[in-house]
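Laboratory data are not the source of any read-out in this text; all were calculated from the coordinates shown. Since the structure is predicted, the reported quantities are computational estimates derived from the model, not experimental observations. Methodologically, a virtual Cβ is constructed for each residue, glycine included, from the backbone with ideal geometry; neighbour enumeration extends over all protein chains shown.
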Amino acid sequence: MPTIPSGSWQQLRTLVEVFLKDRFDTKAEKLAPDDPKYQALVEQFQFDTWINDAARRVGQLQVVTHSLKPIHPDAKGSNLYAPPESLHTHNLVGSHVLPANFAGDVVGNAAALDVYKFLKLQLEGKSLLERALENDSEFAKALSDNPEQAQAWISAFAAITEPRGEHASHTRGKQLYWLVGDDAADVESDAENFHLLAPLYATSLAHRVFQTINHDRFSEEAKEARKAKREGNYAEQPVHSYPNLAVQKMGGTKPQNISQLNSERGGNNYLLASLPPSWNVRDIRPPLKVASVFSHPGVFGSRSEVRALVKDLKRFLETNPSTDMHTRDLRDDYTAMLMDELALFAMQMHSLPAGWSADEKCELVAEEAFWLDPGRAEEDAAFREARNSVEWADEIRHRFANWLNAALGEKLPLGDVEFRHWQKTLAKDATHQRLLDRDRRWMENLMEDLTNLPGGDDDE
Amino acid sequence: MSEVKNLLVLPRLRVQNANAISSPMTWGFPAMSAFVGLMHALERKLYAAGINVSLGNVGVICHDFEAQATEGGYIRGFHLTRNPVDKTGGTAAIVEEGRIHLDITLIFTIDSAAAESEHDEIAKQISEIVAGMRIAGGSVIPNRAVPSHKQRPQWVALDDDEEKRQKQFERLKRRWLPGFALTLRDDYLAEHHQTLQQQNPDASLLDAWLDLSRLNHHCALENEGESNEKPVWQAQRPYRGWLVPIPVGYGAISDLFNPGEVANARDAKTQFRFVESLYSIGEWVSPHRMKQPEDLLWYVDNDEEAGLYRLNNDYHLRATAQ
Amino acid sequence: MAKNDTLKTASVLAFERKLDPSDALLYASSWEKRQDNQQWQPVEVREKSVRGTISNRLKAKDQDPAKLDAAIENPNLQTVDVATLPHDADTLVARFTLRVLAGAGTPSACNNAEYQAKLEQAVAEYKQAQGFGELAHRYANNLANGRFLWRNRMGAEQVEVSVRQLAQGKATKEWTFDALSLSLRAFEETAELKELAGVIAAALVGEQHLLLEVVAYVRVGSGQEVFPSQELILERGRGDKSKTLYHVSNIAGIHSQKLGNAIRTIDTWYPNENDDDLGPIAVEPYGSVTTQGKAYRQPKQKADFYSLLDNWMIKDQVPTKEDQHFVMATLIRGGVFGEAG
């Protein structure tokens, strides 16, 4: 018996026949053979009949990589099939970076989706659709021994990636003017100075992102790694987390109205966060029951950004960098970022209701309370007096330097030189100085206001 | 190399309900293209109002923000404000919009033949006009968190003398604190792509982008093989700085169509193209770490041949030159 | 007038909203000291647990008897947001700004130059014949009568609304209204209202840029519940709050969209078959009223915005004066109105 060559038309024919048989069986399951409906089904699933009808119905579908409805569900217009190899390559992320086995999406009449299932049938890793697009002669033979007929069907199937009708946008679709000339205000030359860009939703790219994130959130490996991390055990697999990941619903209760892949995603579109650094007001708590925010690791040192910075800096210093300019620059860079964090921290504390340091649970040393709760001076005369009578800012600088020295010093022979360096840096740091200046000016204004008040200060 | 001559600064604008969904794959801050679009629209309004200035580049410093999204939990959803109604009074299809309230400073490079004595007046007029415009879809409302003298628009003519110019910039930067300006890190994206490819030659730019957009916690064994062996989990960050995924413009996914060729276009005079959003990595940088105004300024940088409609920013040129 | 056979509707047509309110932020005060804004305290949103009863109809799939028992035995403990005045404050203060933008009737996008020219002509004729006086008069009423307070207005003992015209951050004019003396069903004419309407109309025409600050003082009684906007969240996780109230920087607020809806509640010109006095409804293309799930301007009666505008532009059928008001008010409301295939 001659062996059937792999990828041959015989194998393809069998593949399609099995597919049709399965579908027929499912539909005919509850029908008696003498039921006229059963007979109709038999007719419908005749190989030629079904293929012919599929070649007609395929016109109700379009395979796309870029769809319009996610922009607005009521928008009607062009969807496009722009596979990665058709796009320009460049150094930004876009659909051109997708691998050859990217997921195509389908838009159109959901009732014709069985035709798409048919085209997605695979033999040796290649789908019937790909074969149709390549005008594969074996696939043609599998469909019909009449070459003309086979060719007509293949052309019909291959047309599934073609846009339907003329190219169109829509009033609900997004269209924006993008400057391509030099002068946005030269209204006489608008037509040359702008292009109208109509962004479509890169559904194949989004699908890849969706699958990656879902794998990182819900796969067995991911779950096990997370469990290991939670319990402090070892795991080979890293844990990937996406901070502030958001989900946008597309298509409401009918995600299939948007597209096939949208339906597979349950109408969920993941959005990665570009949020600026910030603090959530509700997360800001006064440093109670501690004598200093600069203890170890301490309220300041425990902040995740600070922790990460200190770790990086420590690792950097441990490499025994030579004391050339480059090292100094890099160290200054780290320093600047630590200063950012210190300024941010102080500003957050200042946003707490003034007088928080008067709480009996607050055990902060006076200087730190002066630094972090300046508003208290407004109401609390003794506090104000004390705050004005000491050079607390010096003390804060000293404490910060000590803290950093200790944070870095566990394994590092940091001596007086380094200590002075850090202390000096803080004294020079613009933000820190600005805060202190602001503070000083504010205090001066406040003192002025208070002395001008009728009755004045009750302590004086 | 600094060529910027004049800056127009609109400090501490409070923008309500700006668009928080910056692209089909990112959220949290409006796309820089929205600010570039604002700049172009503003230029046209100024022209119409007989104020002849040209604006070139734009920078944004975010001082504060409040995203209208759910808090807590692993994933955030958006707070919507209304159920749209259709013609029968029933609920219409909802397009989920994300909103964010912002407190921002806008910085434009500005050029004009106007005499120096007119600068203040022009700055004031521009600020009035901007107050009536949409910024990234949001409305400008009075900012009550900041005293009014800190909200005054400024026209800053930068000095030719490098030292004086630096002083001017120092002064500006102080006013921009606390805040963070968005800068572009194409360099990190490319470099990280190479790093990943060393381990896996198939790693794509998309993999690099996602890897920089998330936290990767790895486990290492401390004192491996010894009795006090202990697993230690650590989040690894390939780069310092507050890195975020951002859209930076659009890439062509179709040919350029002639005017009028595409049905239902916004006009029949302009060439038309279907595009998709393109992404890179941004870094939020505190202004006091900037060395010159260009560090935070963005500009249009197209490559029409390659169908690339993108924005650019040069912070990385100096940040990596250290 | 000759029938216009060639003009087609613009397939892309959009208008920006011209009445642009901020969110209203809510504060607590005492009626006596209401003018002293240093004394205002923010109204905070806090969470509270309520034991819900099973009153909502169970879904078919939940009608498993075992599940039902479990559900009844464990009345769902829910967390909801509430906002109340403190016990030493009897007055709710709601403050927002309203920007009135010039260029009413000018589209922000239109892809048909002829259509746009026709539209501009129609708007110019309307301005000439009617002006924006009638619309402005109604908008002014909805500021003065405190309609924007929604539920907070109900049951209030006293409501005072003060409207200030701001320029360069300073108040240049101020009007004060006793909101409860003004009807929500009719639009009244007082000297003050006329003056306020005048500045709004001038801004709509584009004569002067207008920013109004509106402050409403609502005497509801100490410790009473007040009503910020509720957030709409499509997908709530299990155990999430069942009611989330809107707040900005921890101050309870009313959404700008809600204020906008109240301010444009001026449509009394919709068809009313039974001649019931339903009062004004918000200007919407189909006259839809969300709370009633009903649309009062049906396309089959040709009373909706699209029919009226098309007839006006394409068929030169100039609508009645009342319907012209409605069409203009819809353009001021803004939206995407194009009609693409």
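Shielding of peptide A:172-183 by partners, expressed as the average count of other chain Cβ atoms within 10 Å per residue Cβ, is 6. Which is farthest toward the positive dipole end of the protein assembly as shown among B:L42, A:H90, A:L12, measuring Cα position about the Cα centre, with Cβ charges +1 (Lys, Arg) and -1 (Asp, Glu)? Comparing the listed Cα positions along the dipole, A:L12 ranks first. For region B:148-156, backbone phi angles converted through the Karplus equation (6.51, -1.76, 1.60; θ = phi - 60°) give residue-by-residue couplings of 5, 5, 8, 9, 5, x, 10, 9, 10 Hz, Gly and Pro being listed as x. Stretching the chain fully between C:E188 and C:W31 yields a gain of 53.9 nm (0.36 nm per residue, less the alpha carbon separation). Helix C:133-144: angle to the longest alpha-carbon principal axis of chain C, degrees 0 to 90, nearest 10? The angle comes out near 10 degrees. Dipole magnitude for region B:129-214: computed about the Cα centre from +1 point charges on Lys and Arg Cβ and -1 point charges on Asp and Glu Cβ, it is near 980 debye. Relative to one another, the C-alpha centroids of region B:91-141 and region B:172-227 are positioned 33 Å apart. Which of rounded, prolate, oblate describes region A:144-300, given a ≥ b ≥ c as roots of the alpha-carbon gyration tensor eigenvalues and a/c under 1.5 marking rounded, otherwise prolate only if a/b is larger than b/c? It is oblate, given that a/c is not under 1.5 and a/b is not larger than b/c.
Every helix of 4 or more DSSP H residues in the protein assembly as shown counts as -39500 (n - 2.57), and over all residues that averages to -10500 deg cm²/dmol at 222 nm. The ranking of A:F194, A:F370, B:F29 from fewest to most other beta carbons within 10 Å of each one's beta carbon is A:F194, A:F370, B:F29.
If you take the Cα centroid of region B:46-76 and the Cα centroid of region C:74-123, the two points sit 20 Å apart. Cα extents for region A:204-270 along the principal axes, largest to smallest and rounded to whole angstrom: 45, 19, 18. Between A:E124 and B:A235, what FRET efficiency follows from the Cβ-Cβ distance if R0 is 45 Å, with the result rounded to 0.05? It comes out at approximately 0.60.
Per-residue 3J(HN,Hα) values for region B:16-32, derived from phi via the Karplus relation 6.51 cos²θ - 1.76 cosθ + 1.60 with θ = phi - 60°, read 9, 6, 6, 6, 8, 8, 8, 5, x, 10, 9, 8, x, 7, x, 5, 4 Hz in sequence order (x marks Gly and Pro). From most to least packed by mean Cβ count within 10 Å, the peptides C:22-28, A:174-180 give C:22-28, A:174-180. At q = 0.06 Å⁻¹ the log10 of I(q)/I(0) for the protein assembly as shown amounts to -0.57, computed by Debye summation with a single uniform scatterer per C-alpha, solvent ignored.
Here region C:301-341 and region C:167-210 have alpha carbon centers that stand 27 Å from each other. The alpha-carbon atoms of region B:6-183 define a convex hull whose volume equals 155 cubic angstrom per residue. For chain C, the longest piece that avoids every one of the trypsin sites (Lys or Arg not before Pro) found in DSSP loops with at most 14 other C-beta atoms within 10 Å covers C:60-184. For region A:70-144, GluC sites (Glu not before Pro) are listed when DSSP marks them as loop and at most 11 other Cβ atoms sit within 10 Å of their Cβ; the list is A:E124.
In peptide A:186-196, how many Cβ atoms from other protein chains are near each Cβ within 10 Å, on average?
5
Assuming R0 = 22 Å, can you tell me the calculated FRET efficiency for the pair B:K164 and B:N52, based on Cβ-Cβ distance, to the nearest 0.05? So the FRET efficiency works out to roughly 0.20. Between C:A124 and A:K21, the simple label model (points 7 Å from Cα in the Cβ direction) yields a spacing of 7.7 nm.
By the count of neighbouring beta-carbon atoms within 10 Å, fewest first, C:L259, A:L352, C:L278 end up ordered C:L278, A:L352, C:L259. Counts of other chain beta carbons within 10 angstrom of each beta carbon in peptide B:61-69 average 4. Ranked by the mean number of other Cβ atoms within 10 Å of their residues, highest first, the peptides B:305-312, B:234-241 fall in the order B:305-312, B:234-241.
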